[in-house]
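Asks: Can you keep this structure in mind? I'll have questions shortly.
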Amino acid sequence: MAQRCCNFYISISRRLNALPILKPPPPPPPSQAFYQTLSIHSHSNNHYPPPPSPYPFHFNFDFNHPTLLKFIQFLKNNNDKNDDDDDVHFLSSLEEPNADLICSAAIWVLREDWKPALRAFKLNSLYNNEKACNLMIWVLGTHAKFSIAWSIIRDMHNSSLSTHQAMLIIIDRYAYANNSAKAIETFNFMNKFRLTLDREAFRALLTALCKYGNVEEAQEFMLVNNKFFPLEIESFNIILNGWCNITVDVYEAKRVWRDMLKYCITPDATSYSHMISCFSKEGNLFDSLRLYDQMKKREWIPGIEIYNSLVYVLTRENCPKEALKTIDKMKEQGLQPDSDTFNSMIRPLCQAGKLAAARIVLNTMVEENISPTVETYHAFFEGTDYHGTLEFLSKMKGSGLGPNKDSFLINLVKFLELKQPVNALKIWAEMKKYDVEPSCIHYRKMVEGLVTCRWFIKAKDFYEEMISNGCSEDPKLNKLLQKEVLDSGDKRKQNVIKAISDKV
């Protein structure tokens with residue numbers, strides 16, 4: 001094992017040493033905050049995240065099954081019709097013993113369009129199927145159709161089905177919709193459905209609030225309810241994770257750490273892991289290593305997440321050799337580097353414009369039989385030019401990883417911030433080649449960026465196309481377009497007046 005680690009370090013170290021020495025990496029570009037929160041705030045009408053991890057929906061079913069494909073096509077084609085006879089006739093024609101499973105699978109496939117998904121749910125009368133109800137509630141909550149979701153919960157309650165999971169899901173969806181007040185209200189309402197307000201539900205509420213950026217509300221709720229739910233390390237770690245890994249606010253994270261000590265709550269290994277992650281994201285190498293040393297003094301064995309954080313901050317602070325030695329140390333501890341480990345090197349290298357070094361790490365990653373992930377390719381998008389972007393879009397497709405909507409959103413924002421509207425329009429055209437449908441947020445970013453680049457006519461065209469494709473009107477974009485057009489008109493008038501006065 002030691003020999004293999006040594007060979008790994010020597011191999012990649014030689015490749016990196018062959019590269020020219022560059023200056024320490026500059027601060028992340030302004031768009032970095034956008035990239036970091038992309039998965040949290042991309043709440044457009046046409047783009048939805050996977051189900052939240054506490055509520056996975058697993059289907060032991062072939063999604064290419066001819067019956068399922070036929071059923072989905074039927075639902076899409078008859079979306080605006082309400083012919084019950086057609087529905088019953090089609091359902092009976094399925095001739096499948098597992099019709100419930102087919103309808104549940106159809107709901108999942110149609111999760112981005114709630115109307116045909118709801119029709120699939122009603123078609124087979126899945127109100128007595130607890131898993132199907134939970135899935136439908138998640139879909140409706142994702143689309144902010146909470147009144148319909150609540151009606152299903154009431155039907156579940158009346159049918160003596162457990163509504164515990166359903167309530168946790170709707171709490172999560174309220175938090176996703178940035179309605180923390182409703183999420184908290186739903187938690188307090190659980191006893192109306194004869195559900196115990198237990199620790200699991202309390203932690204689920206805190207997790208949901210933090211996951212979507214409402215960390216302050218979660219922290220306040222935890223402290224206010226300490227009589228009913230005494231303060232404990234698990235709840236504090238949820239809040240700490242929110243400040244450290246969701247909002248990345250090191251000041252607030254330190255304050256929570258002090259509060260833990262004030263309430264006689266001793267930080268555990270998870271607490272240290274969150275703080276090291278936060279310090280590493282901020283590029284604070286000193287405090288990252290300080291906490292790592294404290295963990296070793298307590299004889300706590302660091303997990304792979306901590307090593308990945310150290311690899312990231314060491315690479316970001318221009319210490320690639322030490323980062324590689326950290327990877328070797330992981331292996332000595334019996335931990336195998338994963339895609340996150342290599343991404344922790346690739347990401348800061350790309351942010352610093354060290355693409356040659358990032359490519360070496362990528363090649364080493366493949367040699368170690370570790371497959372690149374979506375995050376790997378997204379990291380390269382940050383530092384590549386137009387031709388490099390096309391290269392990695394092609395590689396993503398070749399790897400079976402997309403590209404997806406976020407891939408194109410990152411590139412559109414990048415080129416527009418670089419004042420390269422021509423390249424942004426070319427990337428927009430590439431979306432069609434990869435069968436990726438632009439969502440409302442893609443249109444909004446294009447309009448905003450084109451206006452900033454003073455391409456007013458093109459921005460207006462995109463805005464009109466956005467509305468025609470079903471996106472709601474945006475008062476902010478309306479005002480922006482009107483203001484810029486007026487400003488440009490005033491400047492033209494001033495130029496004419498100046499020209500006339502010059503002649504005189």
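The values are calculated or read from the model by the stated rules, or taken from the named source; none is laboratory data. Because the structure is a prediction, the values reported are computed rather than measured. Here the Cβ positions follow ideal geometry from the backbone for every residue, glycine too, while neighbour counts run over all protein chains shown. For the accessible areas, the whole protein counts, side chains as well, though only heavy atoms, and no ligand, DNA or RNA atoms are used. Shrake-Rupley method; radii C 1.70, N 1.55, O 1.52, S 1.80 Å.
Asks: Can you find a residue in the range 383-403 that is in a loop (DSSP other than H, G, I, E, B), under 17 Å from the mean Cα position of the chain (by Cα), over 23 Å from Gly303 (Cα atoms) and of a type in the set (A, V, I, L, M)?
Replies: Yes, some residue in the range 383-403 is in a loop (DSSP other than H, G, I, E, B), under 17 Å from the mean Cα position of the chain (by Cα), over 23 Å from Gly303 (Cα atoms) and of a type in the set (A, V, I, L, M).
Asks: What about Glu448, is it surrounded by fewer than 16 Cβ atoms within 10 Å (Cβ to Cβ) and either more than 20 Å from Leu393 (Cα to Cα) or at pLDDT below 90 (or both)?
Replies: Numbers: surrounded by fewer than 16 Cβ atoms within 10 Å (Cβ to Cβ): no; either more than 20 Å from Leu393 (Cα to Cα) or at pLDDT below 90 (or both): yes.
It is false that Glu448 is surrounded by fewer than 16 Cβ atoms within 10 Å (Cβ to Cβ) and either more than 20 Å from Leu393 (Cα to Cα) or at pLDDT below 90 (or both).
Asks: Taking the range 214-233 as the region of interest, how many residues are open to solvent by 40 Å² or more (accessible area, probe 1.4 Å) and under 24 Å from Asn179 (Cα atoms)?
Replies: Selection size over the range 214-233: 7.
Asks: Looking at the range 397-411, is at least one residue in contact with a Cys (Cβ under 9 Å, 6 or more places away or on another chain) and within 26 Å of Ser468 (Cα to Cα)?
Replies: No, there is no match, as no residue in the range 397-411 is in contact with a Cys (Cβ under 9 Å, 6 or more places away or on another chain) and within 26 Å of Ser468 (Cα to Cα).
Asks: Right, another one. Got a sec? Which of Ile238, Ile246 is farther than 17 Å from Glu282 by Cα and in contact with a Cys (Cβ under 9 Å, 6 or more places away or on another chain)?
Replies: Numbers: Ile246 fails: farther than 17 Å from Glu282 by Cα.
Criteria check complete, one pass: Ile238.
Asks: Given the conditions (1) in contact (Cβ under 8 Å) with a residue 40 or more places away in the chain; (2) crowded, with 21+ Cβ neighbours inside 10 Å, report the number of the one that Lys131 does not fulfil.
Replies: (2)
Asks: Considering only the range 265-286, I want to know if a residue exists there that is among the aromatic types (Phe, Trp, Tyr), modelled with pLDDT of 95 or more and open to solvent by 60 Å² or more (accessible area, probe 1.4 Å).
Replies: Yes; the residues of the range 265-286 include at least one that is among the aromatic types (Phe, Trp, Tyr), modelled with pLDDT of 95 or more and open to solvent by 60 Å² or more (accessible area, probe 1.4 Å).
Asks: It is to be established whether one or more residues within the range 355-365 are in contact (Cβ under 8 Å) with a residue 40 or more places away in the chain, of a type in the set (Ser, Thr, Tyr) and at negative phi.
Replies: Within the range 355-365 (the criterion being in contact (Cβ under 8 Å) with a residue 40 or more places away in the chain, of a type in the set (Ser, Thr, Tyr) and at negative phi), the answer is yes, since at least one residue qualifies.
Asks: Can I ask one more? Among the residues in the range 289-296, are any under 18 Å from Glu375 (Cα atoms), out of contact with any Phe, Trp or Tyr (no Cβ under 6 Å at 6 or more places or on another chain) and assigned to a helix (DSSP H, G or I)? Let's see the steps before the verdict.
Replies: If we filter the range 289-296 for residues that are under 18 Å from Glu375 (Cα atoms), which is where we start, we get none.
No: the range 289-296 contains no residue that is under 18 Å from Glu375 (Cα atoms), out of contact with any Phe, Trp or Tyr (no Cβ under 6 Å at 6 or more places or on another chain) and assigned to a helix (DSSP H, G or I).
Asks: Restricted to the range 381-432, and to residues that are within 19 Å of Asn343 (Cα to Cα) and among the hydrophobic types (A, V, I, L, M, F, W, C), which residue is surrounded by the fewest Cβ atoms within 10 Å (Cβ to Cβ)?
Replies: Result: Leu401.
Asks: From the list Ile171, Ile239, pick out the single residue that is more than 24 Å from Met275 (Cα to Cα), open to solvent by less than 60 Å² (accessible area, probe 1.4 Å) and touching a helix residue (DSSP H, G or I) at 6+ places or on another chain (Cβ under 8 Å).
Replies: So the residue among Ile171, Ile239 that is more than 24 Å from Met275 (Cα to Cα), open to solvent by less than 60 Å² (accessible area, probe 1.4 Å) and touching a helix residue (DSSP H, G or I) at 6+ places or on another chain (Cβ under 8 Å) is Ile171.
Asks: Look through the range 287-316, keep the residues that are in contact with a Pro (Cβ under 7 Å, 6 or more places away or on another chain) and within 16 Å of Lys354 (Cβ to Cβ), and return whichever of them is most open to solvent (accessible area, probe 1.4 Å).
Replies: So the first thing to find is which residues in the range 287-316 are in contact with a Pro (Cβ under 7 Å, 6 or more places away or on another chain), and the list is 292, 295, 312, 315-316.
Okay, now just the ones that are also within 16 Å of Lys354 (Cβ to Cβ), so 312, 315-316.
Numbers: Tyr312: 18, Thr315: 6, Arg316: 43 Å².
The qualifying residue most open to solvent (accessible area, probe 1.4 Å) is Arg316.
Asks: Here is a list of conditions, (1) buried (at least 16 other Cβ atoms within 10 Å of the Cβ); (2) in contact (Cβ under 8 Å) with a residue 40 or more places away in the chain, and Lys321 meets all of them except one; can you say which number that is?
Replies: For Lys321, the exception is condition (1).
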